[in-house]
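The values are calculated or read from the model by the stated rules, or taken from the named source; none is laboratory data. Every value quoted in this text rests on a predicted model; they were computed, and no experiment measured them. A quick note on method: Cβ atoms are made from the backbone with ideal geometry, for glycine too, and the neighbour counts reach across all protein chains shown.
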Amino acid sequence: MPIDSELIHALHLSVEDHDAALTDHAAAHHVFQTSTVQALIDSQYEGDLTIAELLAHGDLGLGTLDGLDGELVVVAGEAYVARADGSVSPVSGDTRTPFAVVTPFAPDPPVHVEGIDHEELLAILDAHSTVPVQAVRVSGRFSRLRVRSVPKQQVPYPPLDDVVTTQVEWEIGPVNATLVGFRFPLLATGLEVPGWHLHALAEDRCSGGHVLIADLERGTLELDGATEVHCELPPGVAITRAADGIAERLRAAETRIRP
């Protein structure tokens, strides 16, 4: 399974088959991922890893559930799902995920901010990022959160481009909430979508989703730079050289359905 040589030089990337014994990667500054964004592009939505297995590798993260059943949010070692009907619920340990990323979060000292909009938030996160792969937690009071989720898909699974056009968007706020997520470099296209990927969970655990817009009244930003990425591949999933156009296709699909 060829892997982009530039990505290998950017950070330590290891790839393992799920059939092999699960390895304990729960160490500081490691990111653990199951499957790839390319597999989702290829409509591979069947869950492979259980949430219990996933949480053994980290206490902060995001992803989705079997059949693309909502937006997975992992905060402080607890897993929640935000579904397209606007509901949020805890996720049982035996639930399976087709794609997720977690890390044992060990952040640098927090950065305190006030009165910033979404673009300013991303710019500040970029300014404080020191390595290609970053994990982040943003906690505070948000004047506006625009989020989305998608309905659970049924076999035969449609292409991800089509699924994105059926996503449901809504706004919450003002609200106390936590954002969690990751930034991956352009070199990781195919393994991940490059740039910031954030999911939100309200403090009362009653709302959340994939973040489209986050305007922050006041809060703290915490970042943890990853030195290693461990990707576990389900049966039938392989890593190839960075796929052209994946990020552009997803962004274009989201743009088409935005108001």
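Key figures
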quantity: Count - residues of the stretch 89-103 that are in a strand (DSSP E or B), closer than 16 Å to D48 by Cα and either touching a helix residue (DSSP H, G or I) at 6+ places or on another chain (Cβ under 7 Å) or among the hydroxyl-bearing types (S, T, Y) (or both); calculated: 4
quantity: Unmet criterion (only one of (1) in contact with a Leu (Cβ under 9 Å, 6 or more places away or on another chain); (2) more than 25 Å from P109 (Cα to Cα)) for F182; calculated: (2)
quantity: Qualifying position, being farther than 11 Å from V101 by Cα, in a loop (DSSP other than H, G, I, E, B) and at pLDDT below 95, among G86, G47; calculated: G47
quantity: Among residues of the stretch 24-78, those that are closer than 18 Å to G208 by Cα and either touching a Phe, Trp or Tyr at 6+ places or on another chain (Cβ under 7 Å) or crowded, with 21+ Cβ neighbours inside 10 Å (or both), counted; calculated: 15
quantity: Residue among V75, V91 that is modelled with pLDDT of 95 or more and under 23 Å from E171 (Cβ atoms); calculated: V75
quantity: Answer residue from the stretch 178-206, given it is touching a Gly at 6+ places or on another chain (Cβ under 7 Å) and small (G, A, S) and is nearest to L62 (Cα to Cα) among those; calculated: A200
quantity: Number of positions in the stretch 50-76 that are part of a helix (DSSP H, G or I) and in contact (Cβ under 8 Å) with a residue 40 or more places away in the chain; calculated: 4
